[in-house]
Amino acid sequence: MKLLVISFRTTGLLKEMYEEYCRGFSSFVDLYCLTNDNINDSSLNAIETCHIRFKRQEPWSYLSLFKINRAKKFINKVQPDIVMFFTPHPDNIFLIKYASKYPLVAQIHNPLPHSGTALTEKIISGIQKKLYFKFCDGIFVS
């Protein structure tokens, strides 16, 4: 079974959780990862990883048609049995419908935003959650 785990938001605790989950998944499935460029391949135990550069400090690095197309090409190449969106990210909005030709699951870390969360992040997260509920076959909350 081929599992593709997508996580572009890979800092702090979310990075550690992503790496830990991937190492665990790799024991049971053929794991493929689509992630940010600050993740080491060795920390994931994936068969293949596609790295795409995003930086929170550089808003222009998001919502790039080139990066979205690169992600879509990797999804097509892998042809996974299941796609899992692991962390929230602006570009997930453009990949969810595309990836829905495969069974989808999503992990939602914070179903309700923390106090002090920026308005833009709340809006993007809200849109993304609606799409998750529309296109995903399963959702788990941590």
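Structure data summary
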{"read-out": "Lone unmet requirement of (1) open to solvent by less than 70 Å² (accessible area, probe 1.4 Å); (2) of a type in the set (Gly, Ala, Ser); (3) in a loop (DSSP other than H, G, I, E, B) for ALA106", "value": "(3)"}
{"read-out": "Some residue of the range 25-32 being modelled with pLDDT of 95 or more, touching a helix residue (DSSP H, G or I) at 6+ places or on another chain (Cβ under 6 Å), open to solvent by 10 Å² or more (accessible area, probe 1.4 Å) and part of a strand (DSSP E or B)", "value": "yes"}
{"read-out": "Single match in PRO80, PRO88, PRO111 (criterion: more than 12 Å from LEU34 (Cβ to Cβ), in contact (Cβ under 8 Å) with a residue 60 or more places away in the chain, of a type outside the set (A, V, I, L, M, F, W, C) and not in a helix (DSSP H, G or I))", "value": "PRO88"}
{"read-out": "Count of the range 76-88 residues which are open to solvent by 10 Å² or more (accessible area, probe 1.4 Å) and either at pLDDT 95 or above or hydroxyl-bearing (Ser, Thr, Tyr) (or both)", "value": "5"}
{"read-out": "Pairs, first touching a residue at least 40 places away in the same chain (Cβ under 8 Å) in the range 123-142, second basic (Lys, Arg), C-beta under 7 Å, six or more apart", "value": "none"}
{"read-out": "Unique residue being of a type in the set (Lys, Arg), at pLDDT below 95 and surrounded by fewer than 13 Cβ atoms within 10 Å (Cβ to Cβ) when the list is LYS97, LYS67, LYS15, LYS73", "value": "LYS97"}
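The values are calculated or read from the model by the stated rules, or taken from the named source; none is laboratory data. Keep in mind the model is a prediction, meaning the values are calculated, not measured. Neighbour counts are summed over all protein chains in view; Cβ atoms, including those assigned to glycine, are modelled from backbone coordinates with ideal geometry. Side chains included, ligands, DNA and RNA excluded: accessible areas come from the protein's heavy atoms. Shrake-Rupley method; radii C 1.70, N 1.55, O 1.52, S 1.80 Å.
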